[in-house]
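Everything on this sheet refers to the single structure shown next.
Computed from the coordinates by the stated procedures, all read-outs in this text should not be read as laboratory data. Quick caveat: nothing in here was measured; it's all calculated off a predicted structure. So basically every Cβ, Gly included, is an ideal-geometry build from the backbone, and we count neighbours across all protein chains shown.
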Amino acid sequence: MGTLSKIWNGFLNIFGLRKKSKYVKNYLNEANMRSAIFMSVVIFVLEIWLILRQTHKYIVPTLMDPANTYSPFRVIFQNTSNFFLLMSMGFAMFFYSVQYVSKVRSLKRLVWTLVFAGFSLAICALMPLEFYYKSIKFNTDVNTIKGIFKIFFYVSVILFDIGMIFASIYRYKGGKRASLSSVMVISLFAFVCLMFGVMVSYGDFVSVKAVKDAAGNVVYMPDGSGNVMYENKEIICFLMFTIYIGCLLIWNPIISIGILGTLFLGFYFAIKGAANFGQRRFPEGDEVNYLTFVISLAMVCISIYNQRISEANKDEELEELATKDKLTGLLSFEYFTLQVRQKIAEYHIERGNSVYLFINITNFKVYNDQKGFKKGNEFLKTVGQIISDVFNENSLITRQSDDHFVVFTINLKVQDKIFEVARRVEETDPEIKPSIKVGAAEVYDPREDPHYAVEKARYAYAELKRMSTTKIILFYDDKMHDNYLMNQYIVTHIDEAIKNGYLKAYYQPVVWSKGRTLCGVEALARWIDPKYGFLSPGKFIPVLENNQLVYKLDKEILRIVCADIRHNMDKGLPVLPVSINFSRADFGIIDIVEVVNEIVEQYQVPHELLHVEITESALTNEVDLLKNTINRLHAKGFATWLDDFGSGYSSFNVLKDFDFDVLKLDMAFLVGFNGNEKAKALIKSVISLADQIGMKTLCEGVETDEQAKFLEEVSCGRLQGYLYGKPLSYDELLEKIQKGEYSIADEKIN
């Protein structure tokens, strides 16, 4: 049973009886069209040559013959009309096939296709002249068959021209590539070639060689046996055009074999029948040769078909990997961008009539945590299907990453569709009630890079996410555009800013709570840009963090600080310890210990003059890595400070698990300080706790004497804030120290 099943499956595969996927059908159809390009080139080159040959051999001698009584038009028409028909058809087929395989609509190609199809129809309109000039006549059985073949030839050409005109207009208007129209065109083209081959070959087969003697009488040429000599010049024409058909119609071996078998059988009976009409007999050897030829050609068709099927299946697998998202079956993001470009080019999309949508599932993490990874994947598939159902087939949809979906669609009732998606997504789980938020960016410039446009939609989503609102969709506007351009400018110009010295280190004073003398400074980054002027750190630092580039900024500020310290040491100027911030994003990108040590050693700065600040928020990620980093910094003599304690949801586990030298209380502790006994009690408790576990304390954001006095009373060691000075440039700080506005403490640095 297993062997029979394998044989049966092999039979189905070889003869193309299995159902094919849409991709394979398209592949075979396009392969046929590519074959049609080469065949059409062969045909119109051949026909041009034949026209020139006929002109030289028949038309010119006839017209130059003084005894000629025919008009020049008749001579030209009878000798070249069929060749002009095939030549114009070849040109029309060429331009249509090129338009088909190029996948881009071209008005120029459409016009040329219509011109040559129209020219061919115009020649067909002259068919009545064939009867008038007696090129078609029914006076004998042989002439009747020849006439029928010629009429069929004209009819096939007319059908081809009409089909070509319809198919090319349909394709230009956006019709499907692998449509019935394209199959019809190439089938009719093959049929015309067939009828031409049959017409010429049959006419040649039943014709005899004849010449005129000196008296102008027709004399039939005898062969070596004394019989009439037949023309026997163009019988191969039928075989040649049959090969064309075999190469053009590789959709299915059964169809190819059926067509070839029918052709040869019909032509065989036609030429066998010629013997009954007193014409040439079909040699037995030729019968064997023709049968061998048709079997061989059938095998070639089967071989070509199976080779194409194999290639199509491999290409389909590769395309699935390259063009489809494995999880949802939607378009892959890169293929999505290619399809968007093609759609914009094909449909001449204009400003504002299309839109990109960046769709994010707002609480997908909750869903994953509660339902598990497998259920989470199934949920993403469901969401992808919901989006596909709501947005019609004219839309392009992709899953960019994680729970982020992107849609390119017509800008019509977009908000209604988004609300429908949101409703259906929420209904998938009434308990968790998953929802969506959407950033939208209209197409302002059809030439815009889809990646850039999607980023604008993502930016609108990020703005919506930051807003306290129940809105689920926000459109990218001019204000966002200005911010987005600024963000792009920051990302693309950070290297230039470093190279040209646009980045500066500003120093904010830190004083001892007892005596208010200067005990150090905190280095803060500033960007003074030649185009935008002073850029706020709140503008460029988050952008660099989001783009994993903030390490460049932090390394440059460290280098500037070390250079300033080295300069002071070399010039005998006052030297202060400096604390430097490292972003949480740095830890996953660079080895902070190696970077700090390398730059410090380069400038030969004493390690005790640099304090490394790590924000509390950084401690939530890669705990082991951070512990190891802190221990390595201590081993090399660098103090570590815990920055922004209290800015978020502080955990005392931080104090327990990490060995920091200084605890910096965030200025949030001082908000509402006046009259808030809870705030005072909390500050006092934190400072006391830090002292008990061996950590020094610093409070930033000090703005009033009352705050400073209280902090001194509760033993907060260091103070920082506008009460003691805003961040200053290196020169400003040095000038104030030299003027005595700041006095440097004599206490030991710690």
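Packing here is the average count of other Cβ atoms within 10 Å per residue, and on that basis the peptides 457-466, 160-169, 587-596, highest first, run 160-169, 457-466, 587-596. Sorting the segments 630-642, 80-92, 44-56 by their residues' average number of neighbouring beta-carbon atoms within 10 angstrom, most packed first, yields 80-92, 630-642, 44-56. When the stretch 486-739 is described by a simple charge dipole with +1 on each Lys and Arg Cβ and -1 on each Asp and Glu Cβ, the residue from Y730, A525, G538 located farthest towards its positive end is Y730. Once C-alpha pairs closer than 8 Å and six or more residues apart are averaged by separation and normalised to the residue number of the stretch 321-457, the relative contact order reads 37 percent. Taking label positions 7 Å along the Cα-Cβ direction at both M569 and D369, the computed distance is 4.8 nm, reported to one decimal. Estimated at 0.36 nm per residue, the fully extended path between D624 and N68 surpasses their Cα-Cα distance by 189.6 nm.
Given a Förster radius of 51 Å and the C-beta distance between E346 and T469 as r, what FRET efficiency does 1/(1 + (r/R0)^6) yield to the nearest 0.05? Efficiency computed from Cβ-Cβ geometry: 0.85. Here S106 and K314 are evaluated by their C-beta separation; at R0 = 25 Å the FRET efficiency comes out at 0.25. Size descriptors for the stretch 486-739 (Cα atoms only): Rg and Dmax, in that order, 18.1, 51 Å.
Each of V510, C562, L610 was scored by the projection of its Cα onto the charge dipole of the stretch 486-739, and the greatest displacement toward the positive side belongs to V510; charges sit on the C-beta of Lys, Arg, Asp and Glu. Applying 0.36 nm per residue to the separation of V42 and V115 and subtracting their alpha-carbon distance, the gain on full extension is 24.3 nm. Only the Cβ atoms of Lys and Arg (+1) and of Asp and Glu (-1) were treated as charged; on that basis the dipole of the stretch 333-476 about its Cα centre amounts to roughly 300 debye. Model label points for S685 and E732, set 7 angstrom from Cα along the Cα-to-Cβ axis, are 3.9 nm apart.
If R0 is 35 Å, the Cβ-Cβ spacing of A668 and E378 corresponds to a FRET efficiency of close to 0.25. Evaluating 6.51 cos²θ - 1.76 cosθ + 1.60 at θ = phi - 60° for every residue in the stretch 552-560, the Karplus couplings come out as 5, 4, 5, 5, 5, 5, 4, 4, 4 Hz, glycine and proline recorded as x. Modelled label positions at K479 and N631, each set 7 Å beyond Cα in the direction of Cβ, lie 5.0 nm from each other. Given the stretch 92-144 reduced to its alpha-carbon atoms as identical point scatterers, what log10 I(q)/I(0) does the Debye formula return at q = 0.25 Å⁻¹? Here the Debye-derived log intensity ratios amount to -0.89.
Above 25 Å, the calculated P(r) of the stretch 333-476 contains 25 percent of its Cα-Cα pairs.
Taking 25 Å as the straight-line reach from the Cα of K680, the lysines in range (excluding those fewer than 8 positions away in the same chain) are K514, K656, K664, K696, K709, K726.
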